[in-house]
Amino acid sequence: TRPPRDPQGFPAAVGTAFDALVKRAAAEALGVECPSLADLLANVETEHARAVALGRDVFQSYVGCGAFETFLLQKPCRFDCRLEGVIHDSVDPILLQGIPDAVLEDGIHDWKVKSVNRPGGASPTPGFESFLGFDGTRKGAHERHGQSLEDVDERWAIQVATYGWLLGFSGPIKASIDEVIVGKGVARFRATVSETFQERLRERYRAAWT
């Protein structure tokens, strides 16, 4: 039996609303299959109207700074697909599940909405490839760009690696992350999850499963 899920906080609700809007807009622009906007927005559980309104504002800023157009150039082929599979190389197969935001031809894309409660008050995570400010400012690669994703943010790497396995990817798994900082801009990350980290993660899953 699964433990009860923690209640959805308001920042998570805004992030869910943003995800719904950007996925539907991208799917319609590219002619790619995606759940309906109503189905996606049904996952906004906290202060629904206010969260959706703010999510829409954040999405409009995302489009306005050029990040949406840049994302479309990666030609995502699937959105919000429910995945399930097992790790077969253990004594007892380990069941894994996941719902990636978007699947690219050669990797995984994910959106992270940050600083909902403090618009403009947070800094980008170090290691971005580029930064697109909502005020029109542009920044090039951070000095830590080029590091493996697990060295940028281990939680992101765990998520991307798990999705990659479920999709049958092998070798270093490519990740595309857009960190949307409310009131500030979009930090774009392009990195890989190393095979060394993936093996360590498999061991962690095995240990947790036994």
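Bear in mind that the values in this text are calculations on the coordinates, not laboratory data. Computed from a predicted model, the values in this text were never measured in an experiment. We place every Cβ from the backbone using ideal geometry, glycine too, and count neighbours over all the protein chains shown.
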Original post:
If the cut-off is 23 Å between C-alpha atoms, which lysines fall inside it for residue 184, apart from same-chain ones fewer than 8 positions away?
Top reply: 23, 112, 114, 139
**OP:** Compute the long axis of helix 48-64 from its Cα atoms, compare it with the longest principal axis of the Cα atoms of the chain, and write down the angle in degrees, 0 to 90, nearest 10.
**Re:** 80
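For segment 53-210, what value does the Rg/Rh ratio take when both radii are computed over Cα atoms and Rh is the Kirkwood radius, given to two decimals? Please report the intermediate quantities before stating the final value.
Numbers: Rg = 16.5 Å, Rh = 16.5 Å.
Value, to two decimals: 1.00.
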Original post:
To the nearest 20 debye, what charge dipole does segment 65-142 have about its Cα centre, counting +1 at the Cβ of each Lys and Arg and -1 at the Cβ of each Asp and Glu?
Top reply: 480
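Expressed as a rounded percentage, what relative contact order does the chain have, with Cα pairs under 8 Å and six or more residues apart?
On the way: 370 pairs, mean separation 40.3, N = 210.
Relative contact order, the chain: 19 percent.
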Original post:
Could you list, bin by bin from short to long, the percent of Cα-Cα pairs of segment 1-61 in 5 Å steps?
Top reply: 4, 21, 26, 20, 15, 9, 4, 1, 0
Subject >> Span from the segment 31-48 Cα centroid across to the segment 95-155 one, whole angstrom >> reply: 22
Subject >> Mean Cβ count within 10 Å, highest first, over the residues of peptides 100-110, 132-142 >> reply: 100-110, 132-142
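Can you give me the Rg/Rh ratio for segment 75-153, using Cα atoms for both radii and the Kirkwood formula for Rh?
On the way: Rg = 17.0 Å, Rh = 15.9 Å.
Rg/Rh: 1.07.
Quick one, can you get me the convex hull of the C-alpha atoms of segment 26-104 expressed as volume per residue in Å³?
Working: hull volume 10.0 nm³, N = 79.
Normalising the Cα hull of segment 26-104 by residue number yields 126 Å³.
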